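Here is the structure we will look at, set down as structure tokens.
Computed from the coordinates by the stated procedures, all read-outs in this text should not be read as laboratory data. This structure is a prediction, so every number in the text was calculated from the model and none was measured. Every residue, glycine as well, gets a Cβ built from its backbone with ideal geometry; the counts of neighbours run over all protein chains shown.
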Amino acid sequence: MKKPVFLFVFAISLFMSSQAQDQTSNLNGNEGQGDKSFNDSTDSASSKDKFFRYGHNNFVALNPGVGNSYGGLGVKIQTRFGGVVGFGFHAGIGLDPANMDVIPAGGIKFYPYKWIYINALIGYEIINSYLAYSALLAGVDMTFGKRFGFNAGLGVANYEGWIGPALDGGLIIRIIK
């Protein structure tokens, strides 16, 4: 008795699901029979084009700023590869105002979703010849338009044996899109 009822409910749910998918396809214009008034410049295809055109996927950028990935007050070059999920590399050099030392820094970024990143990096003091810090940050690389944006990150770092905050902030100037 229970088995026929279950099969009937299962068949109805499959039918309803397929009807909902057909209606969604028609609204998006995927089958060519939907209402084209819904398929204007803000449809999913043109939104994807804008997303990829304005650089949340593949770019090379020159970033002036301040923070751990900049080596203090400095500049870094960074890359980003992938689509919605991606990865990138960065290398920077800056001046540590506290010690008046030049610090090169570099790391790897993982982008789990568009412009949001997780960054693992190290910095090395040149004059004193030792590892200045290793850090883990989370943040955003937001770009606006085709060329410009900003970087902001917050995390934790190991500074020569003591744990402290890690910060990043700067401009993004895309040089290769």
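What value does the range 62-126 have for Rg/Rh, both radii from Cα atoms and Rh as Kirkwood defines it? The partial results should precede the final answer.
Details: Rg = 12.4 Å, Rh = 11.9 Å.
Answer for the range 62-126: 1.04.
A protection proxy built from the mean count of other Cβ atoms within 10 Å ranks the segments 65-71, 89-95, 171-177, most packed first, as 65-71, 89-95, 171-177.
Remark: spin-label model distance Lys146-Ala98 equals 4.2 nm, labels positioned 7 Å along the Cα→Cβ axis. Here the 3J(HN,Hα) profile of the range 128-142, calculated from phi with Karplus coefficients 6.51, -1.76 and 1.60 at θ = phi - 60°, is 8, 6, 8, 5, 6, 6, 10, 9, 10, 10, 10, x, 9, 10, 8 Hz, Gly and Pro shown as x.
In whole Å and largest first, what semi-axes does the C-alpha gyration tensor of the range 59-176 yield when each eigenvalue is scaled by 5 and square-rooted? Walk me through the numbers before you get to the answer.
Values: eigenvalues 113, 44, 24 Å².
Value: 24, 15, 11 Å, ordered largest first.
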